[in-house]
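Peer 1: Please see the structure below; I have some questions.
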Amino acid sequence: MGSEGRSWSGPAVGGGGGGGGVEEKLAMAVVAPAPGDVPASGASVDIALPLPEMTPHIIGICKELVRGWSSLDSSRFSIETVSGGITNLLLKVSADDGKGNKSSVTVRLYGPNTDLVIDRKRELQAIPHLSAAGFGAQLLGTFENGMVQSFIYARTLTPSDMKEPRIAAEIAKELRRFHQVDIPGSKEPQLWDDIFKFLKKASVLEFEDKEKQERYETISFREIQDEVKELKDLSDLLHAPVVFSHNDLLSGNLMLNDLEEKLYFIDFEYGSYSYRGYDIANHFNEYAGYDCDYSLYPEKDSQYHFFRNYLQPDSPSEVQMRDLDALYVETNTYRLASHIYWALWALIQAKVSPIDFDYLGYFFLRYDEYKKQREPCLSLAESSLAALKNG
């Protein structure tokens, strides 16, 4: 759900036309610094400003951070809004050197109060290593409330794109490669720590709006806490592999250059070490799209198609059925954790986000889906564990 949400229309990072061409080649003039040499600025930008008032500040930051841009006159810059999600405002900044050479970068501005749900330190630590492995845009520089990255020429996928067999196979293969990236630091899974932190914050909110407060007071946080503990205890018995996970692989964070047939994962702000099955399940939940139609969650055959390409990218037809079955159980157990995570996330957003969106309603939507899927998913895990024990 996270970074690419319902506000601000338009594709996530790329120009929407499916890249290539002259402009992309010229854009290569923007040189990315080595991971240890990423420049940082102490400047900040008020995200509430209209774009014309924001423009001089953005240009100043880009001139400071992007190599080769410091001497360019401000008149040679152009800025346009590319998209904005629930936690970001994304801008495309282009510069012309006066000799016919044009290059572009993406400036991402963090939304207000997003530090309550996003660990920016963790994100910035991971980006250079993910970039070096070929994932996402290259990090060009950071400032107080945002970052500058290379511009990706590609179109943003739609939820219906993700379930197309050819694209689903590519996502699976790329996700396996993503899970193999080593990020320095603790390898402890963060999922349950994050959920309990969200739960603590979400359980002590107060709303000025009387109707919101009344809806909020119908929530039983004791019940949610008990559900989380039970789910954690059961999922721990599955011994799911711990990998560096994207944790927000919705359609808005997937881009495709159709001409080059290159798939991009973008926006790693929720990335952390977590459980393999959780990352896959969270992606499957996003088949529901922004209308949250969970009847679109992939059927078993579609999941197995994804699993085959994830487990053995070079020979998917050779994956053993027992391995498919095990990943099916793992994924559909963590399916529940995904609903709880984003439900609690939504409660915090309902209090702090300035975005005009019914976050409180989104909490109930995700938690109701959790309750709907609870029995079949838990029974699947319990049956599998019993079979292993008796086998």
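The values are calculated or read from the model by the stated rules, or taken from the named source; none is laboratory data. Nothing here was measured: the structure is a model prediction, and the numbers come from that model. Backbone-built Cβ (ideal geometry, glycine too); neighbour counts: all protein chains shown. Accessible surface is based on the protein model in full, side chains and every heavy atom, while ligands, DNA and RNA are left aside. Shrake-Rupley method; radii C 1.70, N 1.55, O 1.52, S 1.80 Å.
Peer 1: In Å², and per residue, what accessible area does the stretch 51-153 have when probed at 1.4 Å with the other protein chains present? Walk me through the numbers on the way to the answer.
Peer 2: Details: 3920 Å² over 103 residues.
Per residue, the stretch 51-153 has 38 Å² of solvent-accessible surface.
Peer 1: Please list M321, M162 from largest to smallest accessible area, probe radius 1.4 Å, with all protein chains kept in place. Mind dumping the intermediate values first?
Peer 2: On the way: M321 100, M162 0 Å².
Descending accessible area places them as M321, M162.
Peer 1: Report the calculated FRET efficiency for D182 and K300 (r = Cβ-Cβ distance, R0 = 35 Å), to the nearest 0.05.
Peer 2: Efficiency for this residue pair is about 0.60.
Peer 1: Follow-up. Express the carbon and sulfur contribution to the solvent-accessible surface of the chain as a percent, rounded to the nearest whole number, probe 1.4 angstrom. Working shown, then result.
Peer 2: On the way: 8320 of 17130 Å².
Carbon-and-sulfur percentage of accessible area, whole number: 49.
Peer 1: Sticking with this one: What FRET efficiency would be calculated for the residue pair E53, K99, taking the C-beta separation as r and a Förster radius of 45 Å, to the nearest 0.05?
Peer 2: Working: r = 30 Å, r/R0 = 0.67.
That pair, E53 with K99, gives E of 0.90.
Peer 1: Full-extension gain between D37 and E144, please, as 0.36 nm times their residue separation minus the C-alpha to C-alpha distance.
Peer 2: 36.8 nm
Peer 1: Post the alpha-carbon centroid distance, the stretch 349-376 to the stretch 125-172, in whole angstrom.
Peer 2: The stretch 349-376 and the stretch 125-172 have Cα centres separated by 26 Å.
Peer 1: Please find the FRET efficiency linking T218 to D193, where r is the Cβ-Cβ separation and R0 is fixed at 22 Å, and quote it to the nearest 0.05. Walk me through the intermediate numbers first.
Peer 2: Values: r = 27 Å, r/R0 = 1.23.
The pair T218/D193 has a calculated efficiency of 0.20.
Peer 1: When the helix-only estimate is applied to the chain (DSSP H runs of n ≥ 4, each -39,500 (n - 2.57), divided by the residue count), what is the mean residue ellipticity at 222 nm, nearest 500 deg cm²/dmol?
Peer 2: Details: 12 runs with 175 residues, N = 391.
Mean residue ellipticity, 222 nm, calculated: -14500 deg cm²/dmol.
Peer 1: In addition: Determine the percent antiparallel among the DSSP beta bridges restricted to the chain, to the nearest 5. Each step should come with its number before you reach the end.
Peer 2: Numbers: 35 of 36 bridges.
Just about 95 percent of them are antiparallel.
Peer 1: Can you sort I183, I79 by 1.4 Å-probe accessible area, starting with the largest? Before the final figure, lay out each step's value.
Peer 2: Details: I183 5, I79 35 Å².
Result, largest first: I79, I183.
Peer 1: Whole number in Å², please: accessible area per residue of the stretch 156-390, 1.4 Å probe, ligands, DNA and RNA not counted. Numbers along the way, then the final one.
Peer 2: Details: 10520 Å² over 235 residues.
Roughly 45 Å² per residue, with all protein chains present.
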